[in-house]
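Participant: What follows is a single structure, and I will ask about it in a moment.
Computed from the coordinates by the stated procedures, all read-outs in this text should not be read as laboratory data. All figures in this text were calculated on a predicted structure; none of them were measured in a lab. Cβ atoms come from the backbone with ideal geometry, glycine included; neighbour counts cover every protein chain shown.
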Amino acid sequence: MQNESTVDPKIIEEILKFSRNVIEAPKFVSAPDEINLEVTPHKVVQQIDKTRLLHYKPITSTKHKTPLLISYALINRYHILDIHPEKSWVRNLLEQGFEVYMLDWGTPTSMDKYLDFDDYVNGYLESAVEYIKNQSSTEQISLQGYCTGATIATAYTALHPENVKNYIATAPVIDGWKDTTVISNLAKHMDADKMVETIGNMPPEFMYYCFSVLKPFEQGIEKYVKFFKNIDDKKYVDNFLRVEKWLGDTPPIPGELFKQWIKDIYQENLLIQNKMHVGDELIDLKKIDMPMFTQIAVGDHLVSPECSMPLHYAVGSEDKTLKIYPTGHVGMIASSLSQKKVLPEMGKWLAERS
Amino acid sequence: MSSKPQALTSIGPMRAFAANSKKIAVELIEINENLLGFNQYITEYYKQLSETWGVAQKKVNQKAPKIPQDVEQIEAVKRIWIDIFDNDFTELFDSKKFGENYGNLVSKELELTKHWNNITNVILQSVNLPSKEEVDEVYKEIHSLKKRVSKLELELKKEKRKNAK
């Protein structure tokens, strides 16, 4: 009996607890349809093709004259900026007294495969800006772009600087050659022409593959282990499910837009070299001469800081601020850090210029 | 299939059938050729994944104690496993050899899809339905018209706004 091995009873206890949590999980988990991701009340004020312009209902009296338009990314949907009342980017800005608009790019279908950068920059974004200018009787708006939405917003701001009073670039995709992420490596070796010619729009399934190669073990295993361990924590489960629902819902990207994206940004890196064309117009980043605020996350594994930062140095603005935060791509916009630090700093900067 | 004796027997619509069968047969032959290339790249893809797995597991074995004795040790082993695997796989996904092979793999997959599309087009045309290319032409035309209308509408709005001042 001397050789009998002993097992820490806590290990057995942990295994039993974990098994119980897995079995009981369905009791605590809502079905995806039961989770409402549109937290803050808003109205759809303009609809062009599949895109919608959302106007959020003010929470306090509007303190700042210049309205803010958010150009969300092309991957996943704008809901992450309003994912939960306590972590809502939009709600925080409303509480700070800003008038907030959001551009929802919608869900392109096969028919939209010829939509390109020009349609997004000089069509949808320009129409949204014109609508806001008309409604608010102002000549200029403040524009914020997030991730790939910031690339579109950057192109717009360079082409129409007269319409933009302040520009905020949050994790912008700018310098494809300097991007150190796995996504950029895949993009650099992609035959975008063949892809678009054969399948038209970039399907969500391909996006999901790209997500799966980003920290596959942390995101594919550890995240779910943590979820089952915290199944009794209502708040944790609610947050987890909201983000999961958001992650699992990405629209296709129009073929021509995707092709230009891959070739001009990742393969030939034209934007940062002031050689990229949108429609017939050349984008010159020096023409961005209004106050600019750049937000970068040091742990961003989707858009590396090296890819975003060159924008700060390439623009013509004299009044420009670069902020680097100790968080990730999503943490910068939907976390307690974003509520406590990122948004107050941005709000203060914007309020002084609005 | 479109040789003279066959053409002689293929009168009217059946002649088109013979021509279509030939097109489909050619596509199927090319699919088989592409499959060879596809198999080569997919084998390399899984080889890279399994080699990285093997190396990462060896690293974990060297760092972690053989049998975790308590909850804290299990947690520590798990952490080491995840960190090493994430690190090694990210290194792989970030490498030129993975990027190139993956690019070629997707490219071959697209070629297979293209042949499938070509077969579908032959069938669609045989029942008098528009091919993918013809539908694409319509989409292109609609896109171009919508673009022109949107630009004109936007210009009109701007002009109205200017005049209202």
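Participant: Run the reach check for A:Lys63 against aspartates and glutamates, Cα to Cα strictly under 16 Å, same-chain hits fewer than 8 apart removed. What comes back?
Facilitator: The qualifying aspartates and glutamates are A:Glu95, A:Glu99, A:Glu352.
Participant: Where the only charges are on Cβ atoms (+1 Lys, Arg; -1 Asp, Glu), what is the dipole of segment A:16-102 about its Cα centre, to the nearest 20 debye?
Facilitator: 120
Participant: Under a cut-off of 25 Å between alpha-carbon atoms, report the lysines in cross-link reach of B:Lys96, not counting same-chain residues fewer than 8 places apart.
Facilitator: Straight-line reach from B:Lys96, under 25 Å: A:Lys178, A:Lys188, A:Lys194, A:Lys215, A:Lys259, A:Lys263, B:Lys47, B:Lys58, B:Lys59, B:Lys108.
Participant: Same structure, new question: Whole-Hz Karplus ³J(HN,Hα) for segment B:82-95, in order, using 6.51 cos²θ - 1.76 cosθ + 1.60 and θ = phi - 60°, x for Gly and Pro?
Facilitator: Those phi angles translate into 5, 4, 5, 5, 4, 5, 5, 6, 5, 4, 5, 4, 8, 7 Hz.
Participant: Angle, helix B:13-63 long axis vs. longest principal axis of chain B, Cα atoms, 0 to 90°, nearest 10?
Facilitator: Around 10 degrees separate the two axes.
Participant: Could you derive backbone 3J(HN,Hα) for segment A:109-114 from the dihedral phi with the Karplus parameters 6.51, -1.76 and 1.60 (θ = phi - 60°), listing whole Hz in sequence and x where the residue is Gly or Pro?
Facilitator: With coefficients 6.51, -1.76 and 1.60, one gets 10, 3, 5, 8, 5, 8 Hz.
Participant: Using only Cα atoms, find the angle between the long axis of helix A:126-136 and the longest principal axis of chain A, and express it within 0 to 90 degrees, rounded to the nearest 10.
Facilitator: Roughly 80 degrees between the two axes.
Participant: Multiplying the sequence separation of A:Gln219 and A:Glu86 by 0.36 nm and subtracting their Cα-Cα distance, what value in nm do you get?
Facilitator: 45.5 nm
Participant: What residues qualify as long-range amide H neighbours of A:Leu322, i.e. H under 5 Å apart, gap of 5 or more or another chain, H built at 1.01 Å from N?
Facilitator: Counting only residues 5 or more places away or on other chains, the set is A:Thr294.
Participant: Step by step: find N for the protein assembly as shown, compute 2.2 N^0.38 Å, then divide the Cα radius of gyration by it. What's the final number?
Facilitator: In units of the 2.2 N^0.38 Å rule of thumb, it is 1.14.
Participant: Additional query: Report, largest value first, the span of the C-alpha coordinates of chain B along each principal axis, in whole Å.
Facilitator: 80, 78, 29
Participant: Quick one: A:Arg20, A:Arg242, fewest Cβ neighbours within 10 Å first, how do they rank?
Facilitator: A:Arg20, A:Arg242
Participant: Something else: Would you please give the residues with an amide H less than 5 Å from that of A:Asn201, counting only those at least 5 places away or on a separate chain, with H modeled from the backbone geometry?
Facilitator: A:Gly255
Participant: Another question about this same structure. Could you list A:Ser19, A:Ser142, A:Ser317 in order of exposure, starting from the residue whose Cβ has the fewest other Cβ atoms within 10 Å?
Facilitator: Fewest-to-most ranking of A:Ser19, A:Ser142, A:Ser317: A:Ser19, A:Ser317, A:Ser142.
Participant: Please arrange B:Tyr45, A:Tyr313, A:Tyr266 by counting, for each residue, the other beta carbons lying within 10 Å of its beta carbon, fewest first.
Facilitator: If I rank by nearby Cβ atoms, fewest first, I get A:Tyr313, B:Tyr45, A:Tyr266.
Participant: Would you grab the residues whose amide H sits under 5 Å from the one on A:Ile168? Only those 5+ places off in sequence or on another chain, please, with H modelled 1.01 Å from N.
Facilitator: Amide H neighbours of A:Ile168, under 5 Å, 5+ apart: A:Leu143, A:Gln144, A:Gly145, A:Phe293.
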